[in-house]
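The values are calculated or read from the model by the stated rules, or taken from the named source; none is laboratory data. Because the structure is predicted, anything quoted here is derived from the model rather than measured. Because the Cβ atoms are built from the backbone with ideal geometry, glycine has one as well, and the counts that use them run over all protein chains shown.
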């Protein structure tokens, strides 16, 4: 037994004297946003989407896949009619040269006012006649 203990001690002493080999620890980021490989992006995104438990309540309600064929047809019909009404309203504000002309167009529920703001910029304001709500945007003429 003492012989075994002597050999174990000798073995430990020999290994303690040997030189240790080591390299530097180098951090390599995984996320492409922080310097990682761009090839990691799709894998990280798939992992995040697979673990995401939150759902957008509006996305489910507005999805075409969740609507019946009758509801889908009704939505397309409404969009088509609105497109035709928009085209009819625009015919009143487009001049012979195909450009918008300053003026006002009244439709059933809306008033569209186009004002020349100078410098080739037109300001278009659409007002809902029933609620009084309005939206305004500008078009720059170049």
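I'm checking my understanding of the structure. Among residues of region 105-131 that are under 24 Å from residue 81 (Cβ atoms) and surrounded by fewer than 13 Cβ atoms within 10 Å (Cβ to Cβ), which one is nearest to the chain's Cα centre (by Cα)? The residue in question is 128. How about region 56-80: which of its residues are part of a helix (DSSP H, G or I), modelled with pLDDT under 75 and surrounded by fewer than 10 Cβ atoms within 10 Å (Cβ to Cβ)? Hits for region 56-80 are 57, 58, 59, 61, 64, 65.
Within region 90-130, being modelled with pLDDT of 85 or more and in a loop (DSSP other than H, G, I, E, B) holds for 129, 130.
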